[in-house]
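The numbers here are math on the coordinates, done by the rules we state, and not lab data. Everything numeric in this text was worked out from a predicted model, so none of it was measured. Here the Cβ positions follow ideal geometry from the backbone for every residue, glycine too, while neighbour counts run over all protein chains shown.
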Amino acid sequence: MSSLAFSALFSGFLVVTLALRFWLGSRHIRHVLQHRARVPSEFADNIPLSAHQKAADYTVAKTKLGMVNMLVSAAVLIGFTLLGGLHALSLAVFHVTGPGMPYQLGLLAAFAAISALIDLPFDYYRQFVMEERFGFNKMTLGLFLGDLVKTALIGVVVGLPLVWVILTLMGKSGDLWWLYAWLVWTGFQLLMLVLYPTVIAPLFNKFTPLQDESLRARIEGLMQRVGFASKGLFVMDGSKRSAHGNAYFSGFGAAKRIVFFDTLLARLGPQEIEAVLAHELGHFKLKHVLKRIVVMFALSLAFLALLGYLKQQVWFYTGLGVDPLLLTDNNAMALILFMLALPVFTFPFSPLTSITSRKHEFEADAFAARHTDAKDLVSALVKLYEDNASTLTPDPLHSAFYDSHPPASVRIRHLLAAQ
């Protein structure tokens, strides 16, 4: 393939992806506003009109912000690639560091820093303007800045050594470097499944053992019935950042732990909490988590193999606005270009992943209905949709591209049918 042909292919996919995403966002906004005046009949007895309209306005605000962010990201992408920004950055870094690993690590660090600075205004607006407007923000500016510093430090301490290993393999292990890199990446991901809940997550939040003995006994009874072992039941102080509520599992193997947001425990009753947990347990018992991990590893292997081919093709660099440097390895440049280009080509296929995810959600709901009262899960879901201002009337096509969970009305109908 010539560089001109690849530039045309990249540009074509970029235009299609942008047009598709903008069209989906516009559809979503229109659909939500068209249904803003009336609560869907299946929720009319439980959700007041004011809450439904708040969810509609919150959804529209998020979608509009996402569309602006999309346009800015597209402009930045074009600037980095077709307009030669990344090539100019590489020359500037090379002038400071010279050839070798310092250049490669410096290029990656500079690109990451510039990308973070571009995203920062959107992150700030999202947290302190939009979330504040709808009553969800609980974060202080000091906490926001502290999170940024901690995230950057973790990137340096954890990310740089990993990148150094990957770049070393790319440069010194021959044509099969991508296979060795995949083994390293897989091992790193498995290690993080164990270390994240015990080492990294506590840097951002406080985790305390669940104190409610009655609720603990109920949850432990559920886990015993379904044959699930956990390292512990913890409450996370999510309320110091947001009013949104949630519950999740973290860890892997013997290190699994169950975490409840304090906001969730304050809102749901014991039976509802048990039903929500039964749904999450369903994902484990039905091996959804294992299947997702296997798929993730398989895709990473395929993408690394593709990168192994592309990094040897001059048209891959020149077609994206970069002239490879002759005095040093271009492996870091290949990584950056691949990360920039891949989403452009893969977004149109997003519904394929949503199909599997939604199937798993229905199966986990059915599992919860077998081990708890389905009405309790329905009641919990209604409260969570209301508290999190999640729209009850998403555009079906937009939802197919962006949502890993089925729409609320469809999900609840399935639950009641299962009961």
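Taking the Kirkwood radius as Rh and the Cα radius of gyration as Rg, region 129-202 has a ratio of Rg/Rh equal to 1.18.
Counting Cα-Cα pairs of region 1-143 in 5 Å increments starting at 0 gives whole-percent bin shares of 2, 8, 12, 13, 14, 14, 12, 9, 7, 5, 3, 2, 1, 0.
Size descriptor for region 106-167, Kirkwood hydrodynamic radius: 13.3 Å (Cα pairs only, one decimal).
Between the alpha-carbon centers of region 267-332 and region 158-193, tell me the distance in whole angstrom. Each part's Cα centre sits 14 Å from the other's.
With all distinct Cα pairs included, what does the Kirkwood hydrodynamic radius of region 68-143 come out to in Å, to one decimal, could you say?
14.6 Å
When both region 212-235 and region 356-419 are represented by their alpha-carbon centers, they are found 23 Å apart. What the phi angles of region 263-276 give under the Karplus curve with 6.51, -1.76 and 1.60, with θ = phi - 60°, is a coupling list of 5, 5, 5, 6, 9, 9, x, x, 5, 5, 4, 4, 5, 4 Hz, glycine and proline written as x. Each listed q (0.11, 0.22 Å⁻¹) maps to a log10 I(q)/I(0) for region 215-325, found by the Debye formula over equal Cα scatterers with no solvent: -0.54, -1.21. With R₀ set to 25 Å, the beta-carbon distance separating LEU71 from GLU42 gives a calculated FRET efficiency near 0.10.
Treating the angle as unsigned and between 0 and 90°, give the value, to the nearest 10°, between the Cα long axis of helix 213-226 and the longest Cα principal axis of the chain. Around 70 degrees separate the two axes. Taking a straight line from the alpha carbon of LYS54, these lysines sit under 24 Å away, with near neighbours fewer than eight places off in the same chain left out: LYS62, LYS64, LYS138, LYS240, LYS383.
At q = 0.11, 0.13, 0.22 Å⁻¹, what is the base-10 log of I(q)/I(0) for region 1-84 according to the Debye formula with one equal point scatterer per Cα and no solvent? Please give it to two decimals. With one equal scatterer per Cα and no solvent, log10 I(q)/I(0) is -0.47, -0.58, -1.01. Under 5 Å from the amide H of GLY232 lie the amide H atoms of ILE258, each residue being 5 or more positions distant or on a separate chain, with H modelled from the backbone and absent for Pro and chain starts. Near the amide H of SER250, within less than 5 Å, lie the amide hydrogens of ARG257, VAL259, all on another chain or at least 5 residues away, with H placed in the peptide plane. Partner lysines whose Cα lies under 20 Å from the Cα of LYS311, excluding those fewer than 8 positions away in the same chain, are identified as LYS172. For region 341-409, the Kirkwood hydrodynamic radius from C-alpha pairs, put into Stokes-Einstein at 20 °C and a viscosity of 1.002 mPa s, yields a diffusion coefficient of 158 µm² per second. Axis of helix 331-346 versus longest Cα principal axis of the chain: the two differ by about 50°, to the nearest ten degrees. In this simple spin-label approximation, LEU327 and ASP147 carry label points 7 Å from Cα along the Cα→Cβ vector, and these lie 4.3 nm apart.
For region 28-70, the equivalent ellipsoid derived from the alpha-carbon gyration tensor has semi-axes of 23, 10, 7 Å in decreasing order.
Using the Kirkwood radius over C-alpha pairs as Rh, can you work out the diffusion coefficient of region 283-363 via Stokes-Einstein at 25 °C, viscosity 0.890 mPa s, in µm² per second?
163 µm²/s
Building the convex hull from the alpha-carbon atoms of the chain and averaging its projection over directions returns 20.9 nm². Debye-formula intensities of region 177-218, expressed as log10 I(q)/I(0) at q = 0.25, 0.27 Å⁻¹, are -0.84, -0.87 (one equal scatterer per alpha-carbon, no solvent). Coupling constants for region 284-299 follow from the phi torsions by the Karplus curve (6.51 cos²θ - 1.76 cosθ + 1.60, θ = phi - 60°), and in residue order they are 6, 5, 8, 6, 5, 5, 4, 4, 5, 5, 4, 4, 4, 5, 5, 5 Hz; glycine and proline get x.
Phi angles across region 118-127 convert, under the Karplus curve 6.51 cos²θ - 1.76 cosθ + 1.60 with θ = phi - 60°, into 3J(HN,Hα) values of 5, 6, 4, x, 5, 4, 5, 4, 4, 7 Hz, Gly and Pro given as x.
Each Cα pair of region 195-248 feeds into the Kirkwood radius, which the Stokes-Einstein equation turns, at 20 °C and 1.002 mPa s, into a diffusion coefficient of 168 µm²/s. With R₀ set to 25 Å, the beta-carbon distance separating TRP315 from ALA110 gives a calculated FRET efficiency near 0.50.
Using the Cβ-Cβ distance between LEU117 and LEU190 with R0 set to 41 Å, the FRET efficiency from 1/(1 + (r/R0)^6) comes to roughly 0.80.
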